[in-house]
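Remarks on the structure that follows.
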Amino acid sequence: MALSAVAPSRLWTSNFNLYFTARTMSVLGDTMIPVAMAVAMLSLGYGVSGVGFALAAWMGAFALFVVFGGVFADRFHPRPLMIGADAVRCLIQGSLAAYLWLGHPPLWFIIGGALLGGIATAMFQPGVSGLVPQVAADRHKANGVLRVSQGMSQMAGPAVAGILVATTSAATVFAVDAATFAVSGLCLVALRLPRFEVDRSASTLANLRTGWDEFRSRSWLWGVILIWWVLGVFVWGPITPVGAVSIIDAHGKAAFGYAESAFGAGCVLGGLAAIRIRPARPLFAGGLAMFLFPMMPLAAALVPALPLVMLGYAVSGVGWAFWGVQWATAVQTQIPEDRLNRVTAYEIAGSILAAPFGQAVAGPASAVFGIHRLLFAGALMGTCCAIALIVVRPIRRLPRYRRPYNAMAMGNDGSAPPHPRGPPAGGAG
C-alpha cells in the first residue's frame, strides 16, 4: 500500500524534467508565431487574407498528415519523429527569419514554409500525448503541470513577441522560434525511455484501419470532435487573423500580444485548478468550464479598453485549460496505449480539420459581414458548443477511469512500463 501511494507523487523524474523543458520551449516559440505572422503579413501588404491563407496552409497540411504521424509513432516510436520534426521546423523558421531580414518574401514562400511546417508538426504532435505515459506515473497531474507550463508559455510568448515586433521586427521572433525548436529537439534526444516493443507486421493501411476502428467505437470521442468542427469554423479558424486586426486597429501592434499573454495567464489558472480538481465526470466538468471560452471572441469583438480585452482573454484561458486537462487525461486513460498515438492522430485531425476552412474564409467573410460581426458570431457559436458538451449523453456521462498506480510496475526513474494497457476498446462508448 505504501508503494502504491508513493508512485503518483514521483512526477519530477529526469525524464519528465527533460520532456517538460522540451514542451515548454516548443510551446513558447509556437505562441510567438501568431503575433509575428499577423504583423509580418500585414506589414508586407498581404492583409487579413494573407494571414488566413498562411495559417490555413499550415493547419491544412497538419490535418491531412497527422494520421500518418500517429501510425508511424505507434509502428516505430514517437521520439525520433518528434526530433526530426523539431529539426525541420527549426530550419523553416530560421529560413523565414533570414528572408525577412534580407528582403521581401513573396506570399508563395511563406505559404510553402507553412505547408512544410504543418507536415513536420503532423509527425510531431501524436507523440506529445503518447510520451506522457512513458515519462510520468500520474497522468492527470502530469497533464495539469504541462497545461500550466503551456499557459505560462502562452502568457510569456505573445508578450515577448509583441515587444519584439514593436522594437525590432517580426524576423527576430521567427529566429527565436527556430531556437526553441532546437532546444526541444535536444531535450528529446536526451530522454531515456523504456524499450518500446511493437508488432510491425501489419501494413500502414491496416494500422490506419485499426486506429479508425478504435476511434469510431467511442461515441464520446467522435462526439467531441463533431462539436470541435463547429468550433473550428466559427471560432478557432477566424479568431487569430480577425481578432488580430480588430485589436491591433484599436490598440496598436503590441496589444494583440498582450491579449494573447492574458489568455496564457488564464491557462495557468485553469491548469492549476485542474491539478487539484479530479471530477468524477471529467468531460462534463470540462464542458461547464468551456462556457468561459467565448469571452475571447467577445472581447475581440467589443474591443473595450485594453485591460478589459485582456481580462476577457484571461477568463477564456481558464476555461480552455481546464477543459484541456480533462480531455487529455480522458484520452490517455481510456485508449489502449499500443494504439494511443493512432487514436490521438485521428482525434487531432478531426479536432482541427475545420479550422483551415475558417482561416481561409476569414478574410472574405470579414469583408462581407464585417470583422466585429464575425467575432460576435464566434462568441455565440462558442457558447452553443459548450452547451452541446454538457447535453450529449456519452460525453457528459463519461466516468473518470481509475487506473491503480503500482510502483513495482514502474521503471526505476518513475516512468511507465513499455506495455501498460488502458480499458477495453469501446468501453466508454
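Every number here is computed from the coordinates shown, using simple stated rules; none is lab data. Keep in mind it's a predicted model, so treat the numbers as computed, not measured. Backbone-built Cβ (ideal geometry, glycine too); neighbour counts: all protein chains shown.
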Looking at the structure I just gave you, is residue 74 crowded, with 21+ Cβ neighbours inside 10 Å, charged (D, E, K, R) and either without any contact (Cβ under 8 Å) to a residue 60 or more places away in the chain or within 30 Å of residue 336 (Cβ to Cβ) (or both)? yes
Looking at this structure, is residue 163 among the β-branched types (Val, Ile, Thr), under 25 Å from residue 341 (Cα atoms), out of contact with any Cys (no Cβ under 9 Å at 6 or more places or on another chain) and assigned to a helix (DSSP H, G or I)? no
Testing residue 194 on (1) part of a helix (DSSP H, G or I); (2) touching a Ser or Thr at 6+ places or on another chain (Cβ under 7 Å), one condition comes back false. Which one is that? (1)
Which of the residues that make up the stretch 266-288 are aliphatic (A, V, I, L, M) and surrounded by fewer than 24 Cβ atoms within 10 Å (Cβ to Cβ)? 268, 269, 272, 273, 275, 277, 280, 285, 288
Filtering the stretch 304-323 down to residues that are farther than 10 Å from residue 263 by Cα, among the hydrophobic types (A, V, I, L, M, F, W, C) and surrounded by fewer than 22 Cβ atoms within 10 Å (Cβ to Cβ) yields 305, 306, 308
Could you check the stretch 161-182 and list, in sequence order, the residues that are crowded, with 18+ Cβ neighbours inside 10 Å and of a type in the set (Val, Ile, Thr)? 165, 172, 173, 176, 180
In the stretch 241-265, residue farthest from the chain's Cα centre (by Cα) [restricted to those that are crowded, with 24+ Cβ neighbours inside 10 Å and of a type in the set (Val, Ile, Thr)]: 247
Kindly indicate whether any position in the stretch 120-134 is more than 30 Å from residue 282 (Cα to Cα) and under 20 Å from the mean Cα position of the chain (by Cα). yes
